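S.K.: Here you go, one structure.
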Amino acid sequence: MDKFDRIQQLHRIFTAHRRPVPLRTLAERLECSERNVRRIIATMQNLLDAPIEYSREHNGWRYIDTPDNRFELLGLWLTGKELQSLTLLLSILESLGRGLLNSELAPMEREVHRLLKARGISVSAFTERIRVLPLGNRRLPDRIFHTVGKALLQGKQVQIRYKSFAQKDSKRTLSPQNLVFYRENWYLDAWCHLREGLRTFSIARISAAELVNTRAKKISKATLNSHFADSYGIFAGPATQWARLRFNGEIAHEVALQHWHPYQRGCWEAGDYVMELPYSDHRELTQDILRHMPFVVVESPPELRREVITRMKAGLDRMQGTASEGAG
């Protein structure tokens, strides 16, 4: 722990304790000698004008503090570990957002980098040695993302123009409920006033967004959780089916470590890993099952097994047809 970290830690201790803290306790918390604690206190008093006093009555140190005049460290004060974690988070946000938040986060990033440099921590280590590889990211319109986010945080409605997966255009008025980052893309959970129900919208498919000066319809957290969290993946609605999947081979141990659904159940049977999970719409679940072929078997329900077989046959027929055309 360096000097900057100990100043921050000492400030947090004094802020959290109204009664004087013994020197021995401070030394233990700061992981240094009592002499070093005295030096840090002197540094804070002389350089930062910290109102630290010694109480003979309680044999300890504290802030001379009143509710109307509380001492705070100027600027952004974080420990070295916290700064490294924040820098890593900023790097991840930049990669996942494709520069979307660069202008907003730039001042914070500069301050964090300055503090890292003061502690002798190399900023280049994060950019040169840590890589984030987002796959399948869709182009995210800057202005639309900010408009939707503003509506969500201010509790206002928003009007959007939306193009569905089937390329159908529609105009909707929404009451935003949650922004969700899922599988490298952003989605908006909202109450749709056109459909009079909860829906999920891909931010990348919104072509226009305008804030409406009308309070958003508020949906309880319990209702949102039951609608969006019960089923599998991005498809919402109460779960109506339970899938039972059997994984074998090396893939079984890998899947056993994975989290597919909050309510999933799993167990080992004769070397196979059996997973059970709820769903309402088979489409995303079918895609995930196909990704693990031929090391997975759909044991139930029969409708899901038939859907997976149909998709496999359709793909095989197309591949064979393309091969035949090439041969001809």
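S.K.: Test Ala209 against the criterion of being assigned by TED's automatic domain parsing to the domain that holds Val148, surrounded by 17 or more Cβ atoms within 10 Å (Cβ to Cβ), farther than 17 Å from Tyr182 by Cβ and modelled with pLDDT of 90 or more, and give yes or no. So that I can check it myself, show each step before the final result.
M.R.: Details: assigned by TED's automatic domain parsing to the domain that holds Val148: yes; surrounded by 17 or more Cβ atoms within 10 Å (Cβ to Cβ): yes; farther than 17 Å from Tyr182 by Cβ: yes; modelled with pLDDT of 90 or more: yes.
In short, yes.
S.K.: Conditions: (1) without any contact (Cβ under 8 Å) to a residue 60 or more places away in the chain; (2) in contact with a helix residue (DSSP H, G or I) (Cβ under 7 Å, 6 or more places away or on another chain); (3) over 25 Å from Leu285 (Cα atoms). Glu196 meets all but one. Number of the miss?
M.R.: (2) is the only condition that Glu196 fails.
S.K.: Turning to a different aspect of this structure: Taking interchain pairs and intrachain pairs at least six residues apart, which have beta carbon atoms under 8 angstrom, with the first residue in region 146-164 and outside the structural domain of Tyr187 (by TED's automatic domain parsing) and modelled with pLDDT of 95 or more and the second surrounded by fewer than 19 Cβ atoms within 10 Å (Cβ to Cβ) and of a type in the set (D, E, K, R)?
M.R.: none
S.K.: Related question: Conditions first: (1) part of a helix (DSSP H, G or I); (2) crowded, with 19+ Cβ neighbours inside 10 Å. Phe201 passes all but one, so which condition is the exception?
M.R.: It fails just one condition, (1).
S.K.: Failed condition for Gly237, given (1) surrounded by fewer than 13 Cβ atoms within 10 Å (Cβ to Cβ); (2) on the phi > 0 side of the Ramachandran plot, with all others met?
M.R.: (1)
S.K.: Mind listing just one residue for me: the one in region 277-324 that is hydroxyl-bearing (Ser, Thr, Tyr) and under 26 Å from the mean Cα position of the chain (by Cα) and, of those, farthest from Pro262 (Cα to Cα)?
M.R.: By that ranking, first place goes to Thr286.
S.K.: Provide a single number: the residues in region 217-235 that are of a type outside the set (Val, Ile, Thr), out of contact with any Asp or Glu (no Cβ under 6 Å at 6 or more places or on another chain) and in contact (Cβ under 8 Å) with a residue 40 or more places away in the chain. I'd like the intermediate steps shown before the answer.
M.R.: Start the filter on region 217-235 by keeping residues that are of a type outside the set (Val, Ile, Thr), which leaves 217-218, 220-222, 224-233, 235.
Retained after the next criterion (residues that are out of contact with any Asp or Glu (no Cβ under 6 Å at 6 or more places or on another chain)): 217-218, 220-222, 224-227, 229-232.
With in contact (Cβ under 8 Å) with a residue 40 or more places away in the chain added as a condition, the list becomes 217-218, 224, 230-232.
Qualifying residue count for the region: 6.
S.K.: Scan region 218-257 for residues that are in contact with a strand residue (DSSP E or B) (Cβ under 7 Å, 6 or more places away or on another chain), closer than 17 Å to Asp288 by Cα, in a loop (DSSP other than H, G, I, E, B) and modelled with pLDDT of 90 or more and jot them down.
M.R.: Once the filter is applied, which keeps residues that are in contact with a strand residue (DSSP E or B) (Cβ under 7 Å, 6 or more places away or on another chain), closer than 17 Å to Asp288 by Cα, in a loop (DSSP other than H, G, I, E, B) and modelled with pLDDT of 90 or more, region 218-257 yields only Asn248.
The values are calculated or read from the model by the stated rules, or taken from the named source; none is laboratory data. These numbers come from a predicted model, not from an experiment. All Cβ positions, glycine included, derive from the backbone under ideal geometry; neighbour counts span all protein chains shown.
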